[in-house]
Amino acid sequence: MTILKTYARLWVDDLDRALPLLERLTGERPHLRLEFHGVGLGAIGDFLVIVGPAEERAKYAHASATVVVQDLDALQETLEAASAAITTPATEGPTGRFLYARHADGAGVEYVEWNAELLSRIIHPSEPPGGVTAE
């Protein structure tokens, strides 16, 4: 089980207003932007920016971070072996599959296994098709 990327979550009132400063701070452009169950999401650098009505944002506030993993099934086995509680089971979403877990120490985390398109665009952008590298 490999962690590919970790996002700190930022809760904002206006995504379009929040992104320009983050672009300056990270030197990057947003690499992900979408709507999901009443909230807007924008990912830039190592930040996941979340916007929406307070009642919708509250549904996701129990997780302190979003962690992208290579294999969600292997991750779940690791979590369960460490006495973590799966609070939202593995579910399909617009970026792949995700689950929410509460670690034995009380930390709440969202774990995501990205789809192939996001992996190739964000995690492995210069890797040739098939994962073969030129020598």
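Return the pairs, sorted by first residue and then second, in which the second residue is crowded, with 16+ Cβ neighbours inside 10 Å, the first residue lies in region 1-14 and is among the acidic types (Asp, Glu), the beta carbons are less than 8 Å apart, and the residues are 6+ apart or on different chains.
13/51; 14/51
Kindly check whether there is at least one residue in region 91-99 that is surrounded by fewer than 20 Cβ atoms within 10 Å (Cβ to Cβ), among the basic types (Lys, Arg) and either under 25 Å from residue 12 (Cβ atoms) or modelled with pLDDT under 95 (or both).
Scanning region 91-99 turns up no residue that is surrounded by fewer than 20 Cβ atoms within 10 Å (Cβ to Cβ), among the basic types (Lys, Arg) and either under 25 Å from residue 12 (Cβ atoms) or modelled with pLDDT under 95 (or both).
Looking only at residues that are open to solvent by 30 Å² or more (accessible area, probe 1.4 Å) and not hydrophobic (A, V, I, L, M, F, W, C) in region 32-51, which one is modelled with the lowest pLDDT?
37
Looking at region 108-125, I want the residues that are free of Cβ contacts under 8 Å to residues at least 60 places away in the same chain and have a partner that is open to solvent by less than 20 Å² (accessible area, probe 1.4 Å) and outside any strand (DSSP E or B) with Cβ atoms under 6 Å, at least 6 apart or on another chain. Which pairs are those?
108/63; 109/63; 110/63; 111/75; 113/72
This table checks each residue for (1) within 23 Å of residue 87 (Cα to Cα); (2) without any contact (Cβ under 8 Å) to a residue 40 or more places away in the chain.
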| residue | (1), (2) |
| --- | --- |
| 26 | no, yes |
| 29 | no, yes |
| 39 | yes, yes |
| 63 | yes, no |
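The values are calculated or read from the model by the stated rules, or taken from the named source; none is laboratory data. Every value quoted in this text rests on a predicted model; they were computed, and no experiment measured them. Every residue, glycine among them, receives a Cβ derived from its backbone with ideal geometry; neighbour counts consider all protein chains shown. For accessibility, only protein heavy atoms count, side chains too; no ligands or nucleic acids. Shrake-Rupley method; radii C 1.70, N 1.55, O 1.52, S 1.80 Å.
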